[in-house]
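A short worksheet on the structure shown next.
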Amino acid sequence: MLLQGDNLRREFTFAGKSITALAPTSVAVDAGELLALTGPSGSGKSTLLNLLSGLDRPTGGEVRFEDQPLSGFSDARAAALRNAAFGFIFQTPHLLPYKTVAENVALPCSYGGLHGNAAISERVSGLLEYVGLASHATHFPHMLSSGELQRVVFARALINRPRVLFADEPTGSLDADNAHRVLSLLRQESVAGKCVIMATHDAEAMRFATRRLNLDKFAYAKTV
Ligand SMILES: Nc1ncnc2c1ncn2[C@@H]1O[C@H](COP(=O)(O)OP(=O)(O)OP(=O)(O)O)[C@@H](O)[C@H]1O
Ligand SMILES: [Mg+2]
């Protein structure tokens, strides 16, 4: 199994009270799958993505990437794993405003992964072509629409050839056409062998998934 979480739970303590962000949940995902995480607001979808990607640590349970428990990873090793093997797409595209589209896409390479200016610029061009933004390479983020920005984020997420793509409400800020483009790209990536995990409220997005995990704040997660 590529990525799995066993009995994951996350609690926060605030003002002396315990808040359950994620009730015990088990999930296993393999290459080629597009798993949709669904459930009401507050059921723990974002929390689960953060735990599976090693951005956050569970209160209980274990995350394994290729059978290696992440609890045994130092923060630095977890960060290195994220940069090398994981790609991230969030609801709102976050790009550095003073860097061009091409520079933003190349950014993860400055933390490791692909190196060499020629190799990086060739890969950036290929990815911008793939997401339909070749003509925007030298533009700055403020010159792009939100649908275009989300496709830049998508290209950036792919730069280091990640094994897993995490998408948290990737179509939340997009109109139907742009949402469809981003969902088609996610689907294409899973068909090409990536593991894609997407939190979503969007019924249209769920149709692109190969499987669905429904989270319920007050019960164990159920696979539908
Ligand atoms: N750092 C934190 N401190 C305290 N409570 C938190 C924290 N992070 C999340 N929570 C709580 O945990 C619960 C789950 O949050 P989470 O963001 O994972 O939900 P979600 O399913 O992604 O919701 P949405 O659909 O609105 O994005 C919420 O009730 C939230 O308030
Ligand atoms: Mg969320």
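Each Lys and Arg contributes +1 and each Asp and Glu -1, all at the Cβ; summed about the Cα centre of the chain, the dipole is approximately 280 debye.
Let me know the charge dipole size of region 176-216 about its Cα centre in debye, to the nearest 20, where only the beta-carbon of Lys, Arg (+1) and Asp, Glu (-1) is charged. Mind showing how you got there, number by number?
On the way: 6 positive and 5 negative charges, 39 e Å.
Approximately 180 debye in magnitude.
Calculated mean residue ellipticity at 222 nm for the chain: -9500 deg cm²/dmol, from DSSP H runs with n ≥ 4 weighted as -39500 (n - 2.57), summed, divided by the residue count and rounded to 500.
What dipole magnitude, in Debye to the nearest 20, does region 133-224 give about its Cα centre under +1 on Lys/Arg Cβ and -1 on Asp/Glu Cβ? Write down the numbers at each step before the final one.
Details: 12 positive and 9 negative charges, 99 e Å.
My answer is approximately 480 debye.
Express the accessible area of region 25-96 per residue in Å², computed with a 1.4 Å probe while the remaining protein chains stay in the model.
On the way: 2900 Å² over 72 residues.
Per-residue accessible area for region 25-96 comes out at 40 Å².
Take the Cα of L114, step 7 Å toward its Cβ, do the same at N214, and the gap between the two points is 4.0 nm. Placing one equal scatterer on every Cα of region 8-92 and applying the Debye formula, the log10 ratio I(q)/I(0) at q = 0.11, 0.19 Å⁻¹ is -0.32, -0.96.
Taking the three principal axes of the alpha carbon atoms in region 1-45, the coordinate ranges are 43, 20, 11 Å, sorted in descending order. Considering only L8, S53, Q91, whose Cα is most displaced toward the positive end of the charge dipole of the chain, charges sitting on Cβ of Lys, Arg (+1) and Asp, Glu (-1)? It is L8, whose Cα lies furthest towards the positive end.
Spin-label model, S74/D6: points 7 Å from Cα along the beta carbon direction are separated by 2.6 nm.
Based on DSSP loop calls and a cut-off of at most 13 other Cβ atoms within 10 Å, the longest stretch of the chain free of exposed chymotrypsin sites (Phe, Trp or Tyr not before Pro) is what? Show your work: numbers first, answer last.
Numbers: sites that count: Y98, F218, Y220.
After excluding every exposed loop site, the longest remaining stretch is 99-217.
Modelled spin labels at A192 and T13, positioned 7 Å past Cα toward Cβ, are 4.6 nm from each other. When the scattering of region 117-218 is computed by the Debye formula from its Cα atoms alone, each counted once and equally, what is log10 I(q)/I(0) at q = 0.20, 0.21 Å⁻¹? Reported log10 I(q)/I(0), two decimals: -1.06, -1.15. Taking the chain as a Gaussian network of alpha-carbon nodes connected by springs under 10 Å, the highest mean-square fluctuation of the residues D168, D202, D67 belongs to D67.
Measuring nothing but protein heavy atoms, the accessible surface of the chain at 1.4 Å probe radius is 54 percent carbon and sulfur. List the GluC sites (Glu not before Pro) within region 7-71 that DSSP assigns to loop and that have no more than 16 neighbouring Cβ atoms inside 10 Å. Taking region 7-71 and a limit of 16 other Cβ atoms within 10 Å, the loop GluC sites (Glu not before Pro) found are E66. For the chain, the Kirkwood hydrodynamic radius from C-alpha pairs, put into Stokes-Einstein at 4 °C and a viscosity of 1.567 mPa s, yields a diffusion coefficient of 72 µm² per second.
The values are calculated or read from the model by the stated rules, or taken from the named source; none is laboratory data. The structure displayed is predicted, hence computed values, not measured ones. Here Cβ is always computed from backbone atoms with ideal geometry, including for glycine, and neighbour counts include all displayed protein chains. Ligands, DNA and RNA are excluded from the accessible area calculation, which covers all protein heavy atoms including side chains. Shrake-Rupley method; radii C 1.70, N 1.55, O 1.52, S 1.80 Å.
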